[in-house]
Each structure stands twice: as structure tokens, then as C-alpha cells.
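The structure under discussion appears below in the form of C-alpha cells.
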Amino acid sequence: MLELRSITAGYERRAPVVRDASLTLAPGTSLGLLGPSGCGKSTLARVAALLHRPDAGTVTVDGQRATGWRHRAPRAQRTAIGVVFQQPRLSADPRLRLSELIAEPLRATGRRSDLTAHVGELARTVGLTGELLGRRPHEVSDGQLQRACLARALVLRPRWLVCDEMTAMLDASTTAALVAVVEEYRREHGAGLLAVGHDRVLLERWCDRTVRWTEITGAG
Amino acid sequence: MADTTTGPVTAAAPVTREPATTKPVWRSHGRTRRSTRTVRVRTSAALVAVVALAVLVVPLLAPLDQQAVDLARKLQPPSLAHPFGTDDVGRDLLLRCVYGLRVSLLVGLVAALVATVIGTAVGAAAAAFGGWTDRIVMRLVDTFSSVPHLLLGIFIVAMFRPGVWPVIVSVALTHWLSTARIVRSEVLSLRARPYIDAAISGGASRRRVIRRHLLPGVMPQAGLAAVLMVPHAMWHESALSFLGLGLPSHQASLGNLVQTARGSLLAGDWWPTLFPGLFLIVPTLALAGLAGAWRERINPRRRSELML
């Protein structure tokens, strides 16, 4: 289970962006979270991925309560959750080639043994071909870069996926392709998905269950 | 930057004129601007190359006895035998200028390098650790910055016997502050990027984030700060020597040369001041020009603000 209970979070203590939000995600299921722009859903996604320390509330990952955030979270706990962000441009280190970008989590966790084969296979899955893998982020399109970012999020085979407006910057065909990749991965590995977005039609088709922002927060 | 469309290029000027007739009018402005910049960069690069060659090759061809005195030839104006003339104890000024430039460049380069390493380490550490570490370190930087750094440099250099190393230490220890500030603000802005979040989520340790993502990101800024610091450090070395606190007075250094020339200048002998002065100003301006061009390349928005 990935469980967020009574989360209050933000960037200034006196004015939290998220107030008293709770949601529960069972393994292998998918949950769409709908909310207007600026409501705090990205902040909640970062809390769920252990990247932002909430002011109050608890996050429980696979029965283990999170006590540290960012670097202070145990490595096994934070790598259990793969994240894809909204803007591929900002979420890719501009100095790394796409192949290095995808392989980076493997290097960072000291799993270099099956690096090349694994990265190549994953790149094929997300639809990146050999020549593109040698390019740097500024030499590829947003869609191609987001494919690499998705591959990076999947490379450690996380049990949970947090997609924060993953397809907001992309055209319809790339959106369809990336959603298909996520669904394929989930079928194969039984991973749970939290998809955050503002596109009701997309999320309702994509996810088992869709909730509105107001339904999960204290305000609702 | 490379204008190679018209075949082999020997000089910058003809290339800019020829296509002007065939190109639309609105391009001419851009091309003129680019070509003046190219000329500036090429002149600077050529000057730096000449200087580098001179300080490397001349000492091999013409050894200099720093203390040899020839009073029979004292204060001779420039001639064929002594193109820059001689000083008040009959030493050849051309040779002393080249040797002086060599020492100043050495001091400038080493001091700038050391200062950049210190500044980068302090700035990156302050930003990466944040919180109290950041506050304390940056208040210390502010405190050091509040003391005029020539004064601080004099204080440091006065603790040692005159020599090259005390000057390097003094210049390095007083020049890392601005680099620390630049690197800190750069790391702070990089640290907030989503790709750092992605790295953390991918299991990267704090050390790996700093080494793999943050430091490479500040390298262009730190490198630029280092190059811009070289002329500054050279001026500083000369200032210390001019005040009699830097290198021992018999050793040819640009500051020392200007210092000993002061007396003869009042007597109307212009060459012992002019040539060392030019040797200080021209190479440092050339270096600053190159650094400015580099800055324009890595940050094109600053193109309108000129260097220095």
C-alpha cells in the first residue's frame, strides 16, 4: 500500500499549499488525481515520492512509515517509487546523453552489471532508437525527452509510479504511447500508479479510479 | 563565431564587406556587430598568444642576471641595442619587462586557480548543506568582504619574507570571496531543479548529486570567474610589489619596475615607466577580452554589457 494520511504541506509554514489530504493506493491499482492548476497536486505528488517533507501527516510505503525525506529517506524506500515530472526539459540534466540519463539510477545505486542490456531494452520499450540515445536533451524534442524520463523512472523497477502531469506538454500520439508504456509496465510488474493531472478525459480512461482534488483534502 | 562561408579566410575584414551587397539590408547590422566582436576576440587571442610565447621562450634564449649592474649604461633611452632603454642601474628594460610579465602571469594564474578552488568548494558546500552551515559561512564571507582586500592582502603578505609564494597566498586568500558567492547562488538555483529531485528519487546519494549534477553545472561559471580573476590577480601582485611588500626589489616584476622608475620619471625619463606599464595593461586587457568573449558565449543575454 502507498498511503498518505492527513498531509499538510507547502513552502511556508503559515500558508500550506496542501491541507489535510489523504489517499490510499493498493498495489497494482491506479488512481487518477484531478485538480485545477495551482491547487497543490504537484506538491502532494512530491510528498508521495518522498521528495518534499510535509508539515504534518504521514506517508506509508509498503507498510513502512516514512520518517525521512529526500536524501534522508532510506534508499530502498525512495527508489521503490518512480517519478515522472511535467516538464522533461527541467527534469533532465542537460549534460547527460539520453542513454546516460536512463542509466543514471543504475549507476547511482551501484547496479552496473546489466546496465547496457537493460537500458537498451527499456529504451526500445519507450520508443527511443539507437541514434537518439547518443543525443543530449537540447538535441531532442519534448516528447522524446519525456520518453527518456519515463525510462529513467522505470529503470529501477519501482513498485509505485507517480506521474505528475506526465503528458501535459505532449501531443496526443506521444501521450498515448507513454500511457501504453506505463500500463504495459504495470501489467508486467504489478506496480501501483498515482497519476496527477487536470485532463479529466485522459485520467478517467487511463486509471481504475479517479478522484477530484476537493474529495481528498480537508476542504472537500 | 566562424565566418567560413566564403572559403579560406585570411583576415576578418574582407569577409564582412563582400557579402554585404548580396545579403538583405537588415542583416548588415548584425554582421558588423559580429565582426567587431570577432576582431576583438582575435586581437585578444593573438596578444595572449604572443605574450605566452614571449614569457616561455625568451628566458630560454636570454637568461637574466637579476642583480647584474652596468652603471656605464644607466638610463639610456630606447635604442637598437636596448629597444626599451635601460633602467637607473643600466639593466636592459625589455628583458626585465618580459621576466616581470612572466612572474606576474605565474602569480596571477596560480593565485586565480587556488582562489577559484577555495571559492567553489566553500560556495558549493554552503549551498549544498544549507541551513546553519550556509548562514555561518556566508556571514564569514561578508565579514571578509567588508575589509578592503588590498589591506587584507598587505596584512597577509607582511607576515612572510618577500617572495613569490607569500604574494600568491595573499592574492589567493583575498580573491575567493566573489567566486564563493557566484558558485553558491548557482548551486542554489540548480538544487531546486526537478532533475535533482529525479536523481534523489533514483537513489543518488548526497555526494553523487553534488559531484555528478551540481559541480559540473557550476563549472562554466567557476571557470569564467577564474579567467576573469587572472588579470585582477596580476594587478594585485603589481600593487603589492609597487608598495614594496611583494617580490624582493631586485627581482624583475612589473610592480617593482614601475616602482623603481618613479624617481627617473620626475627627471623626464619616460621609458622606465611606460614600458612596464604597457606590459601590465595590454596583456591583462587581452586576457579580460578573451574572458569577456567566453562569457558572451555561455550567457548570450549579457552580450550587450561589455566586459571588464
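Can you tell me which residue among A:Thr79, A:Thr60, A:Thr29 is within 14 Å of the chain's Cα centre (by Cα) and either under 17 Å from A:Leu203 (Cα atoms) or not aromatic (Phe, Trp, Tyr) (or both)? Steps first, answer last, please.
On the way: A:Thr60 fails: within 14 Å of the chain's Cα centre (by Cα); A:Thr29 fails: within 14 Å of the chain's Cα centre (by Cα).
The unique qualifying residue is A:Thr79.
Is there any pair with a first residue in segment B:138-157 that is surrounded by 15 or more Cβ atoms within 10 Å (Cβ to Cβ) and a second that is not in a helix (DSSP H, G or I) whose Cβ atoms are under 6 Å apart and which are 6 or more apart or on different chains, and what are they?
Qualifying pairs under 6 Å: B:Ile154/B:Leu245; B:Val157/B:Leu245.
Given the structure, is B:Leu247 in contact (Cβ under 8 Å) with a residue 12 or more places away in the chain, within 14 Å of chain A (Cβ to nearest Cβ) and not acidic (Asp, Glu)? Can you show your working first?
On the way: in contact (Cβ under 8 Å) with a residue 12 or more places away in the chain: yes; within 14 Å of chain A (Cβ to nearest Cβ): no; not acidic (Asp, Glu): yes.
No: the conditions fail for B:Leu247.
Restricting attention to segment A:76-91, and to residues there that are surrounded by 15 or more Cβ atoms within 10 Å (Cβ to Cβ) and of a type in the set (Gly, Ala, Ser), which single residue is farthest from A:Ala49 (Cα to Cα)?
Taking the candidates together, the pick is A:Ser91.
In segment B:201-210, is there at least one residue being in contact with a strand residue (DSSP E or B) (Cβ under 7 Å, 6 or more places away or on another chain) and without any contact (Cβ under 8 Å) to a residue 60 or more places away in the chain?
Going residue by residue through segment B:201-210, those that are in contact with a strand residue (DSSP E or B) (Cβ under 7 Å, 6 or more places away or on another chain) are B:201.
In the following step, the residues that additionally are without any contact (Cβ under 8 Å) to a residue 60 or more places away in the chain were identified as B:201.
Yes, segment B:201-210 has at least one match.
Can you name every residue in segment A:18-47 that is free of Cβ contacts under 8 Å to residues at least 60 places away in the same chain, open to solvent by less than 50 Å² (accessible area, probe 1.4 Å) and over 17 Å from A:Gly82 (Cβ atoms)?
As a first pass, look at segment A:18-47 and keep what is free of Cβ contacts under 8 Å to residues at least 60 places away in the same chain: A:24, A:38, A:43, A:47.
Now narrow it down to the ones that are open to solvent by less than 50 Å² (accessible area, probe 1.4 Å): A:43, A:47.
Residue satisfying the conditions is A:Thr43 alone.
Hey, can you tell me all the residues within segment A:168-193 that are modelled with pLDDT under 90 and among the hydroxyl-bearing types (Ser, Thr, Tyr)?
none
How about segment A:48-61: which of its residues are away from every other protein chain (no Cβ under 13 Å) and in contact with a helix residue (DSSP H, G or I) (Cβ under 6 Å, 6 or more places away or on another chain)? Quick ask: steps written out before the conclusion?
Here is the first cut: in segment A:48-61, the residues away from every other protein chain (no Cβ under 13 Å) are A:54-60.
Once the filter is applied, which keeps residues that are away from every other protein chain (no Cβ under 13 Å) and in contact with a helix residue (DSSP H, G or I) (Cβ under 6 Å, 6 or more places away or on another chain), segment A:48-61 yields only A:Pro54.
Mind listing whichever residues of segment B:203-216 are open to solvent by 10 Å² or more (accessible area, probe 1.4 Å) and at the interface with chain A (Cβ under 9 Å from one of its Cβ atoms)?
Of everything in segment B:203-216, those that are open to solvent by 10 Å² or more (accessible area, probe 1.4 Å) and at the interface with chain A (Cβ under 9 Å from one of its Cβ atoms) turn out to be B:Ser205, B:Arg206, B:Arg208, B:Arg212, B:Pro216.
Across segment B:188-198, what is the number of residues that are more than 7 Å from chain A (Cβ to nearest Cβ), closer than 16 Å to A:Arg46 by Cα and open to solvent by 10 Å² or more (accessible area, probe 1.4 Å)? Steps first, answer last, please.
Applying the first criterion (more than 7 Å from chain A (Cβ to nearest Cβ)) to segment B:188-198 yields B:188-192, B:196.
This time we only want the ones that are closer than 16 Å to A:Arg46 by Cα, so: B:191-192, B:196.
Remaining after also requiring open to solvent by 10 Å² or more (accessible area, probe 1.4 Å): B:191-192.
Summing the residues that are more than 7 Å from chain A (Cβ to nearest Cβ), closer than 16 Å to A:Arg46 by Cα and open to solvent by 10 Å² or more (accessible area, probe 1.4 Å) in segment B:188-198 gives 2.
Do we find that A:Gln64 is crowded, with 17+ Cβ neighbours inside 10 Å and more than 7 Å from every other protein chain (Cβ to nearest Cβ) in this structure?
Spelling it out, it is not the case that A:Gln64 is crowded, with 17+ Cβ neighbours inside 10 Å and more than 7 Å from every other protein chain (Cβ to nearest Cβ).
Can you go through B:Pro77, B:Pro59, B:Pro63 and tell me which one is exposed (fewer than 14 other Cβ atoms within 10 Å of the Cβ), touching a Phe, Trp or Tyr at 6+ places or on another chain (Cβ under 9 Å) and not acidic (Asp, Glu)? I'd like the intermediate steps shown before the answer.
Details: B:Pro59 fails: exposed (fewer than 14 other Cβ atoms within 10 Å of the Cβ); B:Pro63 fails: touching a Phe, Trp or Tyr at 6+ places or on another chain (Cβ under 9 Å).
Selected residue: B:Pro77, the only one of B:Pro77, B:Pro59, B:Pro63 that is exposed (fewer than 14 other Cβ atoms within 10 Å of the Cβ), touching a Phe, Trp or Tyr at 6+ places or on another chain (Cβ under 9 Å) and not acidic (Asp, Glu).
Exactly one of these conditions fails for A:Pro94: (1) surrounded by fewer than 17 Cβ atoms within 10 Å (Cβ to Cβ); (2) closer than 22 Å to A:Glu184 by Cα. Give me its number.
(2)
Within the group A:Arg136, A:Arg159, A:Arg152, A:Arg112, which residue is within 14 Å of another protein chain (Cβ to nearest Cβ), within 16 Å of the chain's Cα centre (by Cα) and either open to solvent by 60 Å² or more (accessible area, probe 1.4 Å) or of a type in the set (A, V, I, L, M, F, W, C) (or both)?
On inspection, the qualifying residue turns out to be A:Arg159.
Among the numbered criteria (1) open to solvent by less than 30 Å² (accessible area, probe 1.4 Å); (2) modelled with pLDDT of 90 or more; (3) more than 14 Å from chain A (Cβ to nearest Cβ), which one does B:Arg181 miss?
That leaves (1) as the condition not met.
Between a first residue in segment B:76-97 that is on the phi < 0 side of the Ramachandran plot and a second residue that is hydroxyl-bearing (Ser, Thr, Tyr) and not in a helix (DSSP H, G or I), which pairs have beta carbons less than 8 Å apart while being 6 or more apart in sequence or on different chains?
Close Cβ pairs satisfying both conditions: B:Gln76/B:Thr86; B:Asp92/B:Thr86; B:Leu93/B:Thr86.
Out of (1) without any contact (Cβ under 8 Å) to a residue 24 or more places away in the chain; (2) away from chain B (no Cβ under 14 Å); (3) open to solvent by less than 10 Å² (accessible area, probe 1.4 Å), what's the single condition that is false for A:Ala73?
It fails just one condition, (2).
Inside segment B:225-251, can you point out the residues that are buried (at least 24 other Cβ atoms within 10 Å of the Cβ) and not in a helix (DSSP H, G or I)?
B:Gly246, B:Leu247
Could you please give the count of residues in segment A:88-109 that are farther than 27 Å from A:Gln64 by Cβ and either aromatic (Phe, Trp, Tyr) or within 7 Å of another protein chain (Cβ to nearest Cβ) (or both)? So that I can check it myself, show each step before the final result.
Quick first cut of segment A:88-109, residues farther than 27 Å from A:Gln64 by Cβ only: A:88-90, A:92-103.
Within this subset, residues satisfying the condition of being either aromatic (Phe, Trp, Tyr) or within 7 Å of another protein chain (Cβ to nearest Cβ) (or both) are A:90, A:92-93, A:95.
So the count comes out to 4.
The values are calculated or read from the model by the stated rules, or taken from the named source; none is laboratory data. The model shown is predicted, which means the values in this text are computed figures rather than measured ones. We place every Cβ from the backbone using ideal geometry, glycine too, and count neighbours over all the protein chains shown. SASA here: full protein model, heavy atoms, side chains in, ligands and nucleic acids out. Shrake-Rupley method; radii C 1.70, N 1.55, O 1.52, S 1.80 Å.
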